[in-house]
Amino acid sequence: MEILILSDPEAVARRCADIVEAQMKTMPNSVLGLATGSSPIGLYEELIRRHSEYGLSFKDVTTFNLDEYIGIPADHSQSYRTFMNETFFKKVDIDPARTFVPDGMADNPLNVGPAYEEKIQAEGGIDLQVLGIGSDGHIGFNEPTSSLRSRTRVKTLTKQTLVDNSRFFAPDEFQPKLAITMGIATILEARRILLIATGEGKAEAVRDTVEGPLSAFVPASALQLHERATVVIDEAAASQLKLKDYYQFVGDLQDDLVKKHRPSDWISR
Ligand code: F6R
């Protein structure tokens, strides 16, 4: 795993945007896997800024979102479709018809997963998957004990996740307890993975992901099996890492190497 520790959430957002931009420059018709939640908001804002500032274009991109709640319509204020439309899609030149989010209102939610998997395959697979991480180590809505070979399917959210996400729902509003999520095996098939975490609340989950044993109890630890997973975190999220100094040392050396040999992958800091 590549661990990039940056000073603050703004620096994390810029570095993640560099990685996404480099991916799109290499392959303008990239298939991006996207996440909702607070972690990627800075990244989306930075991509929008680059779009309006110098025309970074998403017109040939296809996107697949990780997950969606079951039981609230796509146009509900708290659906992940609405989140993506409002936070990102409407603000860049992406073709809305090429943005995919699992259907949380399907007559039979059990059929959604296999169809979503097929669609991802039909588009050639995901080139770059963006992830956040739950305080319990979940990725997508793969909660602790999710099979490391899981595919897109229905999952029941844990009490912890429901509490974490309750801030988005009014006290008397229906808060879904079920979701459709890409599985861990689906995520691991992405050619490159970018996990974003900021703040002290994520420090334990980050430590267990990077330095803990590979375990279904910490779904994000499955990223240890991926060839090209990059974890981009701020100082607060890195605060519990035992080998923090080592990752910084590796990063500094790598930066020199990248600057020398792959300048196109090097945009800003
Ligand atoms: C969202 C998702 C979740 C979040 C995670 C962290 O699409 O798949 O795994 O990434 O719950 O959420 P935030 O970023 O709000 O802390």
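The values are calculated or read from the model by the stated rules, or taken from the named source; none is laboratory data. Nothing here was measured: the structure is a model prediction, and the numbers come from that model. Neighbour counts run over all protein chains shown; Cβ positions are idealised from the backbone, glycine included. Protein only, heavy atoms only, side chains kept; ligands, DNA and RNA dropped before computing areas. Shrake-Rupley method; radii C 1.70, N 1.55, O 1.52, S 1.80 Å.
Observations
- For beta carbons closer than 6 Å, sequence separation of 6+ or different chains, a first residue in the stretch 25-45 that is on the phi > 0 side of the Ramachandran plot and a second that is open to solvent by 10 Å² or more (accessible area, probe 1.4 Å), the qualifying pairs are G37/G132.
- In the stretch 1-54, the residue that is modelled with the highest pLDDT out of those that are β-branched (V, I, T) and farther than 23 Å from A220 by Cα is I48.
- Here D164 passes the criteria (1) of a type outside the set (S, T, Y); (2) closer than 14 Å to S135 by Cα; (3) touching a Leu at 6+ places or on another chain (Cβ under 8 Å) except the one numbered (3).
- The single condition from (1) open to solvent by 10 Å² or more (accessible area, probe 1.4 Å); (2) touching a helix residue (DSSP H, G or I) at 6+ places or on another chain (Cβ under 8 Å) that F174 fails is (2).
- Within the stretch 158-208, the residues that satisfy the criterion of being in contact with a Pro (Cβ under 8 Å, 6 or more places away or on another chain) and either within 16 Å of L4 (Cα to Cα) or without any contact (Cβ under 8 Å) to a residue 40 or more places away in the chain (or both) are T158, I196, T198, G199.
- The residues of the stretch 90-99 that are among the hydrophobic types (A, V, I, L, M, F, W, C) and open to solvent by 50 Å² or more (accessible area, probe 1.4 Å) amount to a single one, A97.
- Among residues of the stretch 152-163, those that are buried (at least 16 other Cβ atoms within 10 Å of the Cβ), out of contact with any helix residue (DSSP H, G or I) (no Cβ under 9 Å at 6 or more places or on another chain) and not hydroxyl-bearing (S, T, Y), counted: 1
- Considering residues of the stretch 14-23 that are of a type in the set (A, V, I, L, M) and open to solvent by less than 10 Å² (accessible area, probe 1.4 Å) only, the residue farthest from the ligand (Cβ to nearest atom): A22
Condition check ((1) open to solvent by 30 Å² or more (accessible area, probe 1.4 Å); (2) over 27 Å from V12 (Cβ atoms); (3) in contact with a strand residue (DSSP E or B) (Cβ under 7 Å, 6 or more places away or on another chain); (4) not β-branched (V, I, T)) across all residues:
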| residue | (1), (2), (3), (4) |
| --- | --- |
| P109 | yes, yes, yes, yes |
| V112 | no, yes, yes, no |
| G124 | yes, yes, yes, yes |
| V130 | no, no, yes, no |
| G137 | no, no, no, yes |
| N142 | no, no, yes, yes |
| S150 | no, yes, yes, yes |
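- Selection from the stretch 90-125 of residues that are assigned to a loop (DSSP other than H, G, I, E, B) and within 16 Å of the ligand (Cβ to nearest atom): V101, P102, D103, G104
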